[in-house]
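To start, the structure itself, in structure tokens.
Just so it is clear, none of the values below were taken in a lab; they were calculated from the coordinates. All figures in this text were calculated on a predicted structure; none of them were measured in a lab. Positions of Cβ are generated from backbone atoms using ideal geometry, with glycine treated the same way; all protein chains shown enter the neighbour counts.
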Amino acid sequence: MKIKRFEFNMFSENCYVLWDDTLEAVVIDPGCYYEEEKQALKKFILSGGLKLKHLLNTHLHFDHIFGNVLVTEEFGLQAEASQADEYWIDEMPKQSRVFGFQPPEPPATIGHYLHDGDTVTFGHTRLEVIHVPGHSPGSLVFYSKEDNCMFSGDVLFQGSIGRADLTGGNFDELIESICSRLFVLPTDTVVYPGHGSPTTIGMEKAENPFFR
């Protein structure tokens, strides 16, 4: 599996495009807000001849879904996410105003609900859906056993964890979920987070201050 990371400026949010030798691909968390960011994502997909099969959201906080409309309109895909986070779509205009800006268009709706234990496939690649609530009720992690990596959204970061003070967040649930769902995976599993640099499960178990 090949991975391309985009870091979008509004909230330094990481969007990932994944593909393999079949050129089938998925987009995870297209947080592109500015027009030049949207065009950069679109150009990368088209110039590489990638065939998008899935639009995946780890969760539905607004900084992770700005580009859902772009992917829906340009590539005919509907977002796939947890139903437990669906209320955040209605909250997007309000939350955006709190941070001092207005979304350029209404947010896209969810087209398909993902559940814990589901498998997302594209080409020869499989992603296991792992429900890890606490940052938001419907936070999901996409885990590739074969490629020894995961895409953790805002659940787990290098040296930190996601905030739990937004609506639906729960600090104790987040800690327990990380320990029971993620820290049981191989220690060399690479973690690609929704913000910041990659890390590993072993590094976070050993050095993350929230688990000492």
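Just a few scattered comments:
- Which of VAL71, VAL98 has the fewest Cβ neighbours within 10 Å, and the rest in rising order: VAL98, VAL71
- Extending 7 Å from the Cα toward the beta-carbon at both TYR34 and HIS115 defines two label points whose distance is 4.2 nm.
- Kirkwood Rh in Å, taken over region 27-181 so that all alpha-carbon pairs contribute: 16.1 Å
- Pair-distance distribution of region 134-212: all C-alpha pairs, bin width 5 Å, starting at 0; shares per bin in whole percent are 3, 17, 30, 28, 16, 5, 1.
- The order of GLU24, GLU37, going from fewest to most other C-beta atoms within 10 Å of their C-beta, is GLU24, GLU37.
- Potential extension, PHE210-LEU23 segment - 0.36 nm per residue separation minus Cα distance: 63.4 nm
- When each of ARG97, ARG163 is scored by the number of other beta-carbon atoms lying within 10 Å, the sequence from fewest to most is ARG97, ARG163.
- For region 2-211, lysine pairs separated by 8 or more sequence positions, or belonging to different chains, with Cα-Cα distances below 24 Å total 22.
- Cα centroids of region 1-54 and region 146-212: 22 Å apart.
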